[in-house]
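Novice: Next up is a structure, given as structure tokens.
The values are calculated or read from the model by the stated rules, or taken from the named source; none is laboratory data. Predicted model, so just to flag it, every value in this text is computed and none were measured. Don't worry about glycine lacking a Cβ; one is built from the backbone with ideal geometry, like all the others, and counts go over all protein chains shown. To get the accessible areas, we keep the full protein, side chains included, count just its heavy atoms, and leave off ligands, DNA and RNA. Shrake-Rupley method; radii C 1.70, N 1.55, O 1.52, S 1.80 Å.
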Amino acid sequence: MRIYPLVFKHVFTKMDPEQAHHFAFNAIKIAQRAGLTKAARKFFAPAPKLNRTVMGIDFPSPFGLAAGFDKGATGILALSDIGFGHVEIGTVTGQAQPGNPQPRLFRLVDDRAVINRMGFNNEGAERVAARVAGARQVLKSDYAGTRPVIGVNIGKTKVVELEDAVADYLSSTRQLAIHADYLVVNVSSPNTPGLRLLQSVDSLRPLLSEVGQLADKVAGRHIPLLVKIAPDLSDEDVADVARLAIELELDGIIATNTTIGRENLNSDAAKVEEIGAGGLSGAPLKQRSLEVLRQLRSLVPAEMALISVGGVENATDVKERLDAGADLVQGYTAFLYEGPFWARSINKDLERML
């Protein structure tokens, strides 16, 4: 199980990070199509004692995969098979778009971190919706007990002006909500120009209200709705978002997205400067993400779900977030460093801790 870090060190670090990501992800999907991950599902499966109900949804584990890894919903089944309690796909936009020019993904190995400026590259809501629908049906038929959960993360199409952002989010909602177990409005990526301006309360209020109403209408049921916020918000802005979430009766908040900050890194400063713009994820986010979680938990009612993400590397981190008030915890960047047994390792250690 510790073979992957050696493969990462001697193989993947010599590859372009985006190519390495596709190579590793494709390997997992090939294993799934060959029936290997399904055959090994019991080996990877979280223990029943890790089951929990959040937002009215039964999750097989509190630990899941954050948005950004499976942007196009091409690997939901494979990722579910290897132990993630939920897979949040996306970010998906109303229109297909190629994202930013390459290179756009960079490793900071000394910090166990990544800088990305992918730019919401995806095939668009209509195409992704068909894949989510198919995966959801397979999960429902394959799992007799608590099945892995599918979250859908939506964002703004780059070419759409900010004044038309609500209509753009509604376009994605119309296609995707009916197939989602929960829906996330992403207004916190630093890689779409102007997107973070939507985190202001005046912009968020109509956006979240209209998305929530349309999601329930097209699905014919209540779709839990969450908003994902940045770690770079001031404490005052975090409090404003919390008050708005209470006002709108949101189901939850995801904290946090990547940061534009570059403080206290071990990596060579010249290298970091050469990489340039993008969102930093991984271990350096640990402290700020935990701070935002604790602040939010002190402000929102207990029934409002908090999903903590940012700098989560192991079961100790997961338990710390749960103890700090998170209902669910997500990871992503450490998956790139740890490989396909990562979720299983966290679930096994978490079972012992709990």
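Novice: Antiparallel versus total DSSP beta bridges in the chain: what percent is that, nearest 5?
Specialist: Roughly 30 percent of the DSSP beta bridges within the chain come out antiparallel.
Novice: Over all alpha-carbon pairs in the range 73-230, figure out the percentage whose distance exceeds 18 Å.
Specialist: Across the range 73-230, Cα pairs with separations above 18 Å total 59 percent.
Novice: Here is a follow-up. Please state the relative contact order of the range 299-354 as a whole percent: Cα pairs under 8 Å, 6+ residues apart?
Specialist: This gives 38 percent for the range 299-354.
Novice: For the chain, would you read off the P(r) tail past 34 Å as a percentage of all alpha carbon pairs?
Specialist: 17 percent
Novice: Full extension from His222 to Arg243: what is 0.36 nm times the residue separation minus their Cα-Cα distance, to one decimal in nm?
Specialist: Separation in residues times 0.36 nm, less the Cα-Cα distance, equals 5.4 nm.
Novice: Further question on the same structure: Work out, step by step, the length gained on full extension between Ala324 and Asp202: first 0.36 nm times the residue separation, then minus their alpha carbon distance; give nm to one decimal.
Specialist: That works out to 41.0 nm of additional length.
Novice: Per residue, how much accessible surface does the range 312-354 expose to a 1.4 Å probe? Answer in Å², no decimals.
Specialist: Each residue of the range 312-354 exposes 34 Å² on average to a 1.4 Å probe.
Novice: Does the range 79-148 come out rounded, prolate or oblate by the C-alpha gyration tensor, with a ≥ b ≥ c the root eigenvalues, rounded set by a/c under 1.5 and, if not, prolate when a/b is larger than b/c and oblate if not?
Specialist: Oblate, because a/c is 1.5 or more while a/b does not exceed b/c.
Novice: Among the helices of the chain (complete DSSP H runs), which have Cα atoms covering no less than 18 Å along the helix axis and a Kyte-Doolittle mean of at least 0.0?
Specialist: Qualifying helices: 201-219, 235-248.
Novice: Sticking with this one: Within straight cross-link reach of Lys319, meaning Cα distance under 25 Å, which lysines are found once same-chain residues fewer than 8 apart are removed?
Specialist: Correct list for Lys319: Lys42, Lys49, Lys228, Lys286, Lys348.
Novice: Looking only at the range 209-238, which residues have a backbone nitrogen under 19 Å from a spot 7 Å from the Cα of Ile260 in the C-beta direction?
Specialist: 228-238
Novice: Right, here's the next one. Need the full-extension length gain, Glu291 to Ala269, defined as separation in residues times 0.36 nm minus the C-alpha distance. One decimal, nm.
Specialist: Going from the current span to full extension adds 5.4 nm.
Novice: Continuing with the same structure: Considering only protein heavy atoms, what per residue accessible area in square angstrom results for the range 67-184 with a 1.4 angstrom probe?
Specialist: Counting only protein heavy atoms, the per-residue value for the range 67-184 is 34 Å².
Novice: Take every Cα pair under 8 Å in the chain that's 6+ residues apart, average their separations, divide by the length, and report that relative contact order as a whole percent.
Specialist: 19 percent
Novice: At 222 nm, what helix-only mean residue ellipticity would the chain give, in deg cm²/dmol to the nearest 500, using -39500 (n - 2.57) for each DSSP H run of four or more?
Specialist: The helix contribution divided over the chain gives -12500 deg cm²/dmol.
Novice: Continuing with this model, one more query. What's the carbon and sulfur percent of the chain's accessible surface, probe 1.4 angstrom, rounded to a whole number?
Specialist: Taking all protein chains in place, the chain shows 53 percent carbon and sulfur surface.
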